[in-house]
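Colleague: Below are the structure tokens for one structure; questions will follow.
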Amino acid sequence: MADLVAAGPGTTGSADLTVLPGVVDHHVHLGLVDRDLFAGSPVVEVHDLGWVPEQIAAWASAPPTGVRVRYAGRFHTAPGGYPTGRSWAPVEAVRPIADAEDARAAAHVAAAQGASRIKIVLHAGMPLLGDAELDALVYAAHEAGLPAVVHAEGPGQVARAVAAGADMLAHAPWTERVPDAVLAAGARMTWISTLAIHGPAERAVAIDNVRRFLAAGGRVVHGTDLGNGPAPAGVVADEIRALGEAGLAGEELLAAVLAPEDGSGPRLAAPGPRPRDAEELVKWLETSVRVEAEAP
Ligand SMILES: [Zn+2]
């Protein structure tokens with residue numbers, strides 16, 4: 001990023017400057033990265049998908065300059081389920097769910113703590129939520145007016161998320177080829193990409209699933225799972241390139257990577273035409289600078 005520039009309303013029409021909304025990262029863990037690196041970067045909004053509620057709420061109210069922070073709060077999981085015991089996961093960031101009634105209570109507590117999403121974990125390698133608890137979490141999320149975001153890992157877990165009526169997957173599925181019938185049944189969902197965190201074999205599975213999900217009418221948005229791996233806070237070029245590999249280009253790609261939910265926030269400007277593919281978007285972002293939103 002170059003220095004901040006102040007651009008007037010007329011700049012948008014300039015022949016050699018393109019102005020676009022900033023980057024949104026739909027999956028980060030702010031507790032695991034140097035948050036201050038976001039300040040002034042092309043990233044203008046991040047969604048934290050799992051942390052200690054009191055800490056993430058404090059960071060959201062005093063975020064890095066020019067970055068909007070939204071958050072899910074705790075991981076809702078089975079007792080002993082993922083990510084229980086992981087070195088990176090604070091005990092207070094995990095909410096074990098005892099039964100369906102407890103599930104409903106937990107989701108409403110998260111909503112009261114300012115959550116913008118309810119995070120639900122289904123990881124077949126560890127104890128799993130039962131269908132009754134899963135259904136109750138999704139139901140309570142919807143009661144609170146919030147989307148239910150599921151981490152679905154292992155055989156059959158995507159199908160369970162679809163059957164429960166979940167709204168989003170926290171990761172494009174990478175542990176199995178999602179059956180066509182499940183893709184079709186879940187085509188109303190939004191998948192968060194996180195393609196660049198995987199090794200080659202899992203990445204290929206995830207990219208194939210994304211291609212077929214897009215063909216089935218599904219929506220994919222850009223997310224990096226920042227904090228999982230060494231990538232510093234900011235744009236992760238490899239994630240954008242992976243979205244390109246999965247078939248996103250043109251306006252579809254821009255819609256997946258840019259554009260905060262409510263259309264607000266700083267915008268970006270860079271010389272050159274509107275990016276048409278992932279490589280052009282990565283280069284455009286490298287040279288972009290923030291421009292202040294026009295006064296209403
Ligand atoms: Zn994550």
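Colleague: Could you please find all residues in region 21-51 being charged (D, E, K, R) and more than 10 Å from the ligand (Cβ to nearest atom)?
Modeller: As a first pass, look at region 21-51 and keep what is charged (D, E, K, R): 25, 34-36, 45, 48.
Passing the criteria: Asp25, Asp34, Arg35, Asp36, Glu45.
Colleague: Among the residues of region 263-285, is there at least one that is among the acidic types (Asp, Glu) and either surrounded by 23 or more Cβ atoms within 10 Å (Cβ to Cβ) or within 16 Å of the chain's Cα centre (by Cα) (or both)?
Modeller: Here is the first cut: in region 263-285, the ones among the acidic types (Asp, Glu) are 277, 279-280.
Checking which are either surrounded by 23 or more Cβ atoms within 10 Å (Cβ to Cβ) or within 16 Å of the chain's Cα centre (by Cα) (or both) leaves us with none.
No; the residues of region 263-285 include none that is among the acidic types (Asp, Glu) and either surrounded by 23 or more Cβ atoms within 10 Å (Cβ to Cβ) or within 16 Å of the chain's Cα centre (by Cα) (or both).
Colleague: Only one of (1) within 16 Å of the ligand (Cβ to nearest atom); (2) within 19 Å of His123 (Cα to Cα) is not met by Pro179, so which one is it?
Modeller: The one condition Pro179 does not meet is (1).
Colleague: Kindly indicate which of Ala161, Ala187, Ala242, Ala233 is without any contact (Cβ under 8 Å) to a residue 60 or more places away in the chain, touching a helix residue (DSSP H, G or I) at 6+ places or on another chain (Cβ under 9 Å), not aromatic (Phe, Trp, Tyr) and not in a helix (DSSP H, G or I). Before the answer, list the steps.
Modeller: Numbers: Ala161 fails: not in a helix (DSSP H, G or I); Ala242 fails: not in a helix (DSSP H, G or I); Ala233 fails: without any contact (Cβ under 8 Å) to a residue 60 or more places away in the chain.
That would be Ala187, the only listed residue that is without any contact (Cβ under 8 Å) to a residue 60 or more places away in the chain, touching a helix residue (DSSP H, G or I) at 6+ places or on another chain (Cβ under 9 Å), not aromatic (Phe, Trp, Tyr) and not in a helix (DSSP H, G or I).
Rundown of residues vs (1) among the hydrophobic types (A, V, I, L, M, F, W, C); (2) within 16 Å of the ligand (Cβ to nearest atom); (3) within 20 Å of the chain's Cα centre (by Cα), yes/no style:
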{"site": "Val109", "(1), (2), (3)": "yes, no, no"}
{"site": "Ala132", "(1), (2), (3)": "yes, no, no"}
{"site": "Pro155", "(1), (2), (3)": "no, no, no"}
{"site": "Gly165", "(1), (2), (3)": "no, no, yes"}
{"site": "Ala172", "(1), (2), (3)": "yes, yes, yes"}
{"site": "Thr175", "(1), (2), (3)": "no, yes, yes"}
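Colleague: Residues that are touching a helix residue (DSSP H, G or I) at 6+ places or on another chain (Cβ under 6 Å), in a helix (DSSP H, G or I) and within 21 Å of Leu30 (Cβ to Cβ): does region 212-224 have at least one?
Modeller: No, the conditions are met nowhere in region 212-224.
Colleague: With a cut-off of at least 2 residues that are of a type in the set (A, V, I, L, M) and touching a strand residue (DSSP E or B) at 6+ places or on another chain (Cβ under 8 Å), name the strands (runs of 3 or more DSSP E) lying wholly within region 39-97. Walk me through it before giving the result.
Modeller: Numbers: elements: 43-48, 68-71, 75-77, 94-96.
Where strands (runs of 3 or more DSSP E) fall fully within region 39-97 and carry at least 2 residues being of a type in the set (A, V, I, L, M) and touching a strand residue (DSSP E or B) at 6+ places or on another chain (Cβ under 8 Å), they are 43-48.
Each reported figure results from applying straightforward, stated rules to the coordinates on display, with no laboratory input. What you are looking at is a predicted structure, and each value in this text was computed from that prediction instead of being measured. As a convention, Cβ positions derive from the backbone with ideal geometry for all residues, glycine included, and neighbour counts pool all protein chains shown.
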